[in-house]
Amino acid sequence: VAFGVIGLGYVGLPLAVEAAKAGFKVTGIEIDPEKVKKVNEGQNYIGDVADADLKQVVTDGYLTATTDFSAIKELEYVSICVPTPLNKLRDPDMSFISSAMQEITRYLHKDLVVILESTTYPGTTREYMLPYLEETGLKVGKDFFLAFSPERVDPGNPVYHTKNTPKVIGGITKECTKHAMAVYKQIFDQMVPVASAEAAEMAKLLENTFRMINIGMVNELAIICDRLGVDVWEVIEAAGTKPFGFMKFFPGPGLGGHCIPIDPHYLSWKMRTLNYKTRFIELAAEVNTSMPEYVIESVIEGLNYHKKAINGSKILLLGMAYKKDIDDLRESPAIDIYNILVDKGAEVIYHDPHCPLFKLDGAGYVESAPLTTDLLKEMDCVVITTDHTAVDYQKVVDHAKLVIDTRNATKGLKNTAEKVLRLGYKG
Ligand code: SAJ
């Protein structure tokens, strides 16, 4: 059966490989010729995909990539895995979905099953996508089928990956759900059909808004615990011993990634168009986006203690990725912290074992500095922004003058008392 995936990124490539492994003849349609070339050479570029798996399915002819959307003519199923970012105004940027829809409309044919995976506002599938497709005169639920099935990728998760994570799916009509399920149940271990595309769209937003809200709450709790002289990390562990009705979240330097800081704004945007103003999303976003400045306050406080101005001080950021043990910099709060420190006149360098370099706003690239004892001795302050496993934090504490720990990475280490300021426990 001919299965297509539009967009071979961190969602699309794992899906394409899993479909190929399930025996589908998969065509990956990708606008970036570099990615197309790499896939056709069996060269993996997504951490969550096993190199050997990609090589195997490409060699065996089950997966090919192309930039040519006319491949849709030969397909029976096509999944859309394109980005749904925010634009400069923090409003939904639907441009990726609309260009995919224009191409699918051009090549739409009888019995094609179209499945949207990109996270978006409730109503997108029915109100935004369906009109494109019905321009062809073909009828949904009869001539073609349209459904929404949210991706649930957790980059770097060692246990849950594309195949074994339960998959929610909802069609425009019951027939649509049935046809979409027919292919997906051969790729995913467990399918979770719901009554409509909107229900599936909303389930995804609930999942990610739930995380964003709770992270906002513990971030505010860290600020509160700093003032009360209570260790927020100990408090979270203690509350976490409650065997039911509690889930641990941890404070941090801010909210990064391509989903959690982004997806909830799709819901608040949609509700604004219906003259309803959400509050919980905006409040949590206010706290989460204030964390980089809060970290800078701790840096200034720590430098003051050593009678050092921030202007002209040498600061090392430990970890630029948006979370531990991955190489993704999207929306990383460490980049905000980097830029604010530079604005205040600090000399900033970084070390990240997973991110050898990152692009500065505007011009140029910055490279990760090797984490040597001399470098640590030379620094006026080290900020632990991402708690990558592959860093020796005892060595950092031993040789640095001042450490601002935003991830509790120095918990239980020696010599921390007079040197380390931990977010959520300045004591
Ligand atoms: N973070 C905290 N405190 C926490 C948890 C996370 O500050 O207690 C921060 C992280 O450092 C990171 C951001 O929030 O900057 C997002 O972290 P995340 O753990 O939600 O990871 P993502 O965005 O890579 O993946 C998430 C998925 N993660 C988990 O379920 C653990 C999931 O929410 C979605 O399936 C996925 O985004 C998506 O693509 O929607």
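The values are calculated or read from the model by the stated rules, or taken from the named source; none is laboratory data. Source: prediction; values computed, not measured. Cβ placement follows ideal geometry from the backbone for every residue including glycine, while neighbour counts extend to all protein chains displayed.
Points to keep in mind about this one:
- Scanning the stretch 1-22 for residues that are surrounded by 24 or more Cβ atoms within 10 Å (Cβ to Cβ) and among the small types (Gly, Ala, Ser) yields a count of 6.
- Residues located in the stretch 309-328, provided they are crowded, with 17+ Cβ neighbours inside 10 Å and touching a strand residue (DSSP E or B) at 6+ places or on another chain (Cβ under 8 Å): Ser313, Ile315, Leu316, Leu317, Leu318, Gly319, Met320
- Test: Glu297 is in a helix (DSSP H, G or I) and touching a helix residue (DSSP H, G or I) at 6+ places or on another chain (Cβ under 7 Å): no
- Set Glu301, Glu331, Glu347: member being among the acidic types (Asp, Glu) and either under 27 Å from the mean Cα position of the chain (by Cα) or buried (at least 23 other Cβ atoms within 10 Å of the Cβ) (or both): Glu331
- Number of residues in the stretch 226-253 that are over 28 Å from the mean Cα position of the chain (by Cα) and under 22 Å from Glu297 (Cβ atoms): the value is 6.
- Members of the stretch 88-130 that are modelled with pLDDT under 95 and among the charged types (D, E, K, R): Lys88, Arg90, Asp91
- Test result for Ile315, modelled with pLDDT of 95 or more and more than 16 Å from the ligand (Cβ to nearest atom): yes
- Filtering Ser70, Ser79 for residues that are touching an Asp or Glu at 6+ places or on another chain (Cβ under 7 Å) and outside any loop (DSSP other than H, G, I, E, B) leaves a single hit, Ser79.
- Residues within the stretch 368-427 that are hydroxyl-bearing (Ser, Thr, Tyr) and buried (at least 20 other Cβ atoms within 10 Å of the Cβ), tallied: 6
- When we screen Ile310, Ile335, Ile326 for residues that are within 12 Å of the ligand (Cβ to nearest atom), in a loop (DSSP other than H, G, I, E, B), among the β-branched types (Val, Ile, Thr) and on the phi < 0 side of the Ramachandran plot, the only hit is Ile326.
- Filter result (farther than 18 Å from Gly257 by Cα and assigned to a strand (DSSP E or B)) within the stretch 344-400: Glu347, Val348, Ile349, Tyr350, His351, Tyr365, Val366, Glu367, Cys381, Val382, Val383
- Of all residues in the stretch 142-201 being acidic (Asp, Glu), within 16 Å of the ligand (Cβ to nearest atom) and touching a residue at least 40 places away in the same chain (Cβ under 8 Å), the one that is surrounded by the fewest Cβ atoms within 10 Å (Cβ to Cβ): Glu151
- Some residue of the stretch 52-61 being surrounded by 15 or more Cβ atoms within 10 Å (Cβ to Cβ), in contact (Cβ under 8 Å) with a residue 60 or more places away in the chain and within 27 Å of Arg330 (Cβ to Cβ): no
- All positions within the stretch 202-225 that are surrounded by fewer than 18 Cβ atoms within 10 Å (Cβ to Cβ) and near the ligand (Cβ under 9 Å from one of its atoms): Glu207, Phe210, Asn214
- Scanning the stretch 365-391 for residues that are under 26 Å from the mean Cα position of the chain (by Cα) and free of Cβ contacts under 8 Å to residues at least 60 places away in the same chain yields Tyr365, Val366, Glu367, Ser368, Ala369.
- Condition broken by Val235, with the remaining ones in (1) within 16 Å of the ligand (Cβ to nearest atom); (2) of a type in the set (Val, Ile, Thr); (3) not in a helix (DSSP H, G or I) satisfied: (3)
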